[in-house]
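Comments concern the structure below.
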Amino acid sequence: MTLRTEPRLADPDGFYAALMEAHRGLDEAASRRLDARLVILLANHIGDDAILREALALARAAGRGA
Amino acid sequence: MPGATYTNPRFPFRRPAALGRAAVEEQRVVIVGGGLTGLTAALDLARRGVPSVLLDEDDTVSEGSRAICWAKRTLEIYGRLGLGERFLRRGITWNTGRVFFGDREAYSFDLLPEQGHEYPAFVNLPQYHAEEWLVAACEGTGLVDLRWRSRVAAVENSADGAMLSVETPDGAYRLRAEWLLACDGARSAVRRALDLPFTGQVFRDRFLIADVVMRPPFPAERRFWFDPPFHPGQSVLLHQQPDDLWRIDFQLGWDADPEREREPERVSARVRSMLGPDIPFALEWVSVYTFRCRRLERFRHGRTFFLGDAAHQVSPFGARGGNGSVQDADNLCWKLAAVVVGRAPETLLDSYDAERGPAADENILHSTRSTDFITPKSGAALAYRDAVLELAEQHALARPLVNSGRLSRPAVLAGSPLSTPGAAPAAMLPAGSPPVDAPVLRDGQPEWLLRRLNADGRFTLLAFDDTGLHAPAGPPGVGLVVVSGREPPAGRLPGVLFDHSGLAARRWGCAPGDALLLRPDGHVAAGFRTPARDAVQAAQRRAMGHAAA
Ligand SMILES: Cc1cc2nc3c(=O)[nH]c(=O)nc-3n(C[C@H](O)[C@H](O)[C@H](O)COP(=O)(O)OP(=O)(O)OC[C@H]3O[C@@H](n4cnc5c(N)ncnc54)[C@H](O)[C@@H]3O)c2cc1C
């Protein structure tokens, strides 16, 4: 299996709004922890080391600047 | 309130005969350092009939408890050396670890969920007790020449041995060693004399280590706090030792002033805020450490070998320092004993580095990762650590990510040059594995499998055979232990071990007809489906370092 990169979300705007909603009212540090908890939950769900490493590399490469 | 629980013994200095003589003293095996590693090596060699001279600059055992957590494999090795039961009797047995985050428990874990092992996952006991027993056991063999207050000041290493300059209260002398075991700790003088780099990482953090005498209402568990209310922003570790002694490690951070942190009033205030106002306590030993992970590139240099902290150093999370050191001695001594009496070629000793180098890397890797988790180095690292801990309380999925120390496990000598892979069935414990224990019946009496393996210090062929009749005779130099899944008829087949629970066959992954060749340190050298004598002999020759015929 490889990381699926084609658009897959049925309701992208809805998901995005839910993500923003989850962060509402949190300070910087709490937001950061929320994201981290999310990453860990999703990573465990995926459970495939190769895919996770591919996602890590992709995420890192897509960042702009330092 | 209980007072001090331990007073260091003082061992006598005996004037060595070589002092004041013109001739250089010559010895076969010399061990530098009478700490945990050197004493273990001396005892192991003596049990194999090899005498040694042991030099220590000091005249006592460890100052302070230092290594307190003795792992199952270490206990098994001390079992082989005749000290295992003392650890069990004198130490505190624990299997449960409990992790707290902030003001709440995050989760707990069981390190040895299955029964049927002679030794538990861990026994807690201060290092000085272990060393004191080792000293007495070494003396009891009559084969270890223990020389206290004998400091090695210079070493000249050459292909056929090493020349040592030894300083004593009565003067200096020279000692030539055919074989030298450098067990002189993290600041090894031998390592410095040979000008060998000791490279790795210093962790920018400090830890306060305190032995506290008290009677708190805590069970015998390992307790680890991340960011507790009584020590905010840092971690704390609590362990029980015998004699109402408890060990508390407080993380202090890099900016802490080590001198001030050692002040008894300051330490007491920290302990007081942890325990609350009602538990009386007394401080017994206090020390401040900065932890490091580093190693020598090679552990063998000619006829000089580095063992224990002299060869590698790890942070204490995971209790890998002392436990790793005992495995170094376990690995080297049977080989050296075989070479010294001429039963194995010198090249066998190269396998010490080939096997223990990767083991040291594994220990360093785990202890570095633990330290990185405990001491987050960036905002992201802190956020992830806390996120993992937050999740862990309700979700088992996050618990494997919590790293408060990956507790010492025995090394699997994967890829060892001494192993013969290939012939073994896939289900069998692979070559390089450490031995696993199981309860058995021997002539109707309860016995532990590990006690029967390598009991005579030799190679062992461990044969699983339901009739007890078909096991092959091992080749010369190889003992035979037969495990049967069916009860041997009364009075017949003496010595055959009855695997009444089936655990032996299950743990070793063996069916009737299978057999394994075990090295004198118990590790698997080869596995066979119905072994032929020739194949066993070839595997044994290989494990003794002989080139293939
Ligand atoms: C705070 C702390 C907690 C720890 N907790 C654990 C734990 O729970 N479990 C665990 O497994 N490990 C633990 N360790 C690690 C463990 O204590 C060491 O790994 C272990 O002591 C190493 O033993 P060693 O014999 O190699 O070195 P050492 O114990 O340091 O012994 C070296 C010996 O060499 C002698 N010596 C030094 N120089 C010379 C010289 N020039 N000539 C002659 N003799 C010399 C010294 O006198 C000493 O006796 C801990 C360490 C610390 C500091």
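A few comments on the model shown:
- Net charge contributed by nearby residues that have their C-beta within less than 14 Å of B:Ser370 (K/R +1, D/E -1): +4
- Spacing of the two label points (7 Å from each Cα toward its C-beta) at B:Gln201 and A:Arg8, in nm: 3.3
- Backbone HN-Hα couplings from phi across region B:337-353 [Karplus 6.51/-1.76/1.60, Hz, Gly and Pro as x]: 4, 5, 6, 4, 8, x, 8, 9, x, 4, 4, 3, 6, 4, 5, 4, 5
- If you take all other residues with their beta carbon under 14 Å from the beta carbon of B:Ala337, and give Lys and Arg +1 and Asp and Glu -1, the sum is +2.
- Computed P(r) (all Cα pairs; chain B; 10 Å bins; percent): 4, 17, 26, 25, 18, 9, 1, 0
- Remark: accessible area buried at the A-B interface is about 900 Å², both chains counted, probe radius 1.4 Å.
- Shape category assigned to region A:27-66 from the gyration tensor of Cα positions, a/c cut at 1.5: oblate
- The alpha carbon gyration tensor of region B:439-543 gives principal lengths a ≥ b ≥ c with a/c of 1.5 or higher and a/b greater than b/c, which makes the shape prolate.
- Legend: mean number of C-beta atoms from other chains within 10 angstrom of residue C-beta atoms, peptide B:384-395, equals 4.
- For region B:397-445, the share of accessible area belonging to carbon and sulfur comes to 59 percent (1.4 Å probe, ligands and nucleic acids excluded).
- Å² of accessible area per residue within the protein assembly as shown, as computed with a 1.4 Å probe and no ligands counted: 45
- Rounded to the nearest 20, the size of the Cβ-charge dipole of the protein assembly as shown about its Cα centre is 920 debye, with Lys and Arg at +1 and Asp and Glu at -1.
- Within region A:15-49, the residues that become at least 50 Å² less accessible when every protein chain is included than when their own chain is isolated (1.4 Å probe; DNA, RNA and ligands ignored) are A:Arg32, A:Arg33, A:Arg37, A:Ile40, A:Leu41.
- Solvent exposure of A:His45, expressed as accessible area, is near 150 Å², computed with a probe of 1.4 Å over the protein chains only.
- A simple rule links phi to the HN-Hα coupling: the Karplus curve 6.51 cos²θ - 1.76 cosθ + 1.60 with θ = phi - 60°, which for region B:267-284 gives 5, 4, 5, 5, 5, 4, 6, 6, 7, x, x, 9, 9, x, 8, 9, 7, 10 Hz, with x for Gly and Pro.
- Accessible-area order (highest first, 1.4 angstrom probe) of the listed residues B:Trp246, B:Trp285: B:Trp285, B:Trp246
- Phi to ³J(HN,Hα) by Karplus 6.51 cos²θ - 1.76 cosθ + 1.60 over region B:517-524, Hz, x for Gly, Pro: 9, 10, 6, x, 8, x, 5, 6
- FRET E, pair B:Glu139, A:Ala17, Förster distance 60 Å, beta-carbon r, rounded to 0.05: 0.20
- Dipole of the protein assembly as shown [Lys/Arg +1, Asp/Glu -1 at C-beta], most positive-end residue of B:Ala515, B:Gly171, B:Phe13: B:Ala515
- Alpha-carbon geometry of the protein assembly as shown: the Rg and the Dmax are 26.9, 92 Å, given in that order.
- Taking Lys and Arg as +1 and Asp and Glu as -1, the other residues whose beta-carbon sits under 15 Å from that of B:Val271 total -1.
- Carbon plus sulfur fraction of accessible area for region A:27-66, probe 1.4 Å, in percent: 57
- Under 5 Å, built H, 5+ apart or other chain: amide partners of B:Trp246: B:Val212, B:Val213, B:Met214, B:Gln241
- With every protein chain in place, region B:26-91: carbon and sulfur % of accessible area (1.4 Å): 38
- Only helices enter this figure: runs of n ≥ 4 DSSP H residues, each worth -39500 (n - 2.57), summed and divided by the residues of chain B, yield -8000 deg cm²/dmol at 222 nm to the nearest 500.
The values are calculated or read from the model by the stated rules, or taken from the named source; none is laboratory data. Every value quoted in this text rests on a predicted model; they were computed, and no experiment measured them. Ideal geometry is used to build each Cβ from the backbone, glycine not excepted, and the neighbour counts take in all protein chains shown. The area values use the complete protein model at the heavy-atom level, side chains included, leaving out ligands, DNA and RNA. Shrake-Rupley method; radii C 1.70, N 1.55, O 1.52, S 1.80 Å.
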